[in-house]
Amino acid sequence: MAVISINYSGGGKEYDDDDNIISETPIVYESVGLSTQKSGRLEFNSGNFIKDWYDAKKKYTEDDDDPVFCHSSSVDHFFMDGANYDSAYLHVVEGKPVLKYLDRTKDDWYIDPIGDGWEFFVNEGETPTFEELKEICK
């Protein structure tokens, strides 16, 4: 099994009795970790989360001895704690790689089959093509 994780500090909010935010700790991104049977524990720490996630996923596909790929709870916590990125899902359409994005204006956006693709991340509000994402990650 291969496991991807995100190392960061900060994040979270403190609320008063009326549920108003009284303090907020910003997220400080550190690195993306990848553990595979073939390569062991690897750290991707360019300082660019989007690039590090992309590079870790690329390394996983190169190792391909691990048939199961999952993420640690740190991935969920990174976003729940306030990281501002959007998901981009890689699909193959007519033999070509295409990034697809969830339409969060729909009430049932979370059950969209687009989310079944290979997940990457982009800056919030941006929708690059897969070719543009590869350029961003050089």
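Springs between Cα atoms under 10 Å define the GNM used for the chain, and in it the highest mean-square fluctuation of Gly95, Gly117, Gly125 occurs at Gly95.
Taken about its Cα centre, the range 84-138 carries a charge dipole of roughly 180 debye when the Cβ of each Lys and Arg holds +1 and the Cβ of each Asp and Glu holds -1.
Loop exposure criterion: GluC sites (Glu not before Pro), DSSP state outside H, G, I, E and B, at most 14 other Cβ atoms within 10 Å. Applied to the chain, the longest stretch between such sites is 1-93.
Here the contact order of the range 84-138, divided by its residue count and restricted to Cα pairs under 8 Å and six or more residues apart, works out to 43 percent. Per-residue Cβ neighbour counts within 10 Å put Lys38, Lys51, Lys57 in the sequence Lys38, Lys51, Lys57, beginning with the fewest.
Extending 7 Å from the Cα toward the beta-carbon at both Met80 and Val28 defines two label points whose distance is 2.2 nm. Of all aspartates and glutamates in the structure, the ones whose alpha carbon falls short of 13 Å from that of Lys57, not counting any fewer than 8 places away in one chain, are Glu43, Asp66, Glu119.
Based on Cα contacts under 8 Å between residues 6+ apart, the chain shows a relative contact order of 23 percent. Highest GNM mean-square fluctuation among Asp65, Asp103, Asp18, for the chain modelled with Cα contacts below 10 Å: Asp18.
Taking Ser23, Ser73, Ser46 in turn, the Gaussian network model of the chain (Cα-Cα springs below 10 Å) assigns the largest fluctuation to Ser23.
Mind pulling the angle between the C-alpha long axis of helix 49-63 and the longest principal axis of the chain? Nearest 10 degrees, somewhere in 0 to 90. That works out to roughly 30 degrees.
Applying a threshold of 29 Å to the alpha-carbon distances of Lys13/Lys134; Lys58/Lys100; Lys38/Lys134; Lys59/Lys96 flags Lys13/Lys134 as lying beyond it.
For Ala88, the residues whose modelled amide H falls within less than 5 Å of its own, excluding neighbours fewer than 5 places apart on the same chain, are Phe120, Phe121, Val122. Taking the Cα centre of the chain as origin and assigning +1 to Lys and Arg Cβ atoms and -1 to Asp and Glu Cβ atoms, the resulting dipole is close to 760 debye. Toward the positive end of the charge dipole of the chain, with +1 on the Cβ of Lys and Arg and -1 on the Cβ of Asp and Glu, the farthest Cα among Tyr15, Gly33, Thr127 is that of Gly33.
Spin-label pair Glu119-Ser35: with each label point 7 Å from Cα along the Cα-Cβ axis, the two points sit 1.9 nm from one another.
Quick note: the coordinates plus some simple rules give every number you see, no bench work behind them. Quick caveat: nothing in here was measured; it's all calculated off a predicted structure. Using ideal geometry, Cβ is built from the backbone for each residue, glycine included, and neighbour counts are taken over all protein chains shown.
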